[in-house]
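Only one structure is covered here, and it is reproduced in the block below.
The values are calculated or read from the model by the stated rules, or taken from the named source; none is laboratory data. Since the model is a prediction, treat every value here as computed from it, not as a measurement. Cβ sites come from the backbone with ideal geometry, for glycine too, and all protein chains shown count toward neighbours. Quick note on the areas: whole protein, heavy atoms, side chains included, nothing else; ligands and nucleic acids left out. Shrake-Rupley method; radii C 1.70, N 1.55, O 1.52, S 1.80 Å.
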Amino acid sequence: MSVVISSLKWEAARSGAQKIKYDKDGYHLVRFPYEKDEESYDPWKMHDPAQGGTTASKFPDIRSGLIWPSHDGWGVVSAMVFWEADARALEYRARFVRDPLNMTSKKYDSTATTDSTITRGGQYRTYLWQMFVHRGTPLGLKISARGLNDAKITTPITLAEFKLAIHTDVKTP
């Protein structure tokens, strides 16, 4: 079975802080640089700055948060997010979203929303989900830190990874 992969990494220590800005859905779309010096791997150009617009995207604009599947198939999406310690935050959430910017006819479709309570110190989370993915429908990783009364807290993140592995040879009966 063939597998095609896109693996993105952003790290504050290398690329500077990422400003947390909540969209109207209450989540921040995590952005990823296009340069390979962030240990990203993208031979299929699923994180190509030319995709999704008439001009090239530039990190950290909102389109730099997208992976554009290069094939239709069974997608395994995974992510890792490190948040700084923040006494105001009581809950951390993440979700994978098809078309998070409403750029296609498919429109915003969130799946695999996960929430977890705080632990002492920094907050380090990994996420995994599987779903069908389609060429032309981008994917994004969205996060949120919440405080009392579901308040959106702009807790800084220090590291994020977002990966897509597409199984391209899915058998049918």
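Assorted remarks:
- Residue with peak Gaussian network fluctuation, the chain [Cα springs, cutoff 10 Å], from SER144, SER64, SER15: SER15
- Lys, Arg +1 and Asp, Glu -1 on Cβ, resulting dipole of region 1-134 about Cα centre, debye, nearest 20: 260 debye
- Atom-type composition of the exposed protein surface of region 94-173 places 52 percent of the accessible area on carbon and sulfur (1.4 angstrom probe).
- The simple spin-label model puts a point 7 Å past each Cα toward its Cβ; for SER110 and ALA12 those points are separated by 2.3 nm.
- With only the Cα atoms considered, region 9-146 has a convex hull volume of 111 Å³ per residue.
- Accessible surface, per residue, of the chain when the full set of protein chains is kept, probe 1.4 Å, Å²: 52 Å²
- The largest accessible area among SER78, SER57 belongs to the first residue in SER78, SER57, and the rest follow in falling order (1.4 Å probe, all chains).
- Using only the C-alpha atoms, the convex hull of region 73-130 corresponds to 92 Å³ per residue.
- Measuring only protein heavy atoms, the 1.4 Å probe finds TYR41 accessible over about 120 Å².
- 17 Å reach of a label modelled at ASP25, 7 Å along Cα-to-Cβ, counting backbone N of region 123-143: 127-134, 136-143
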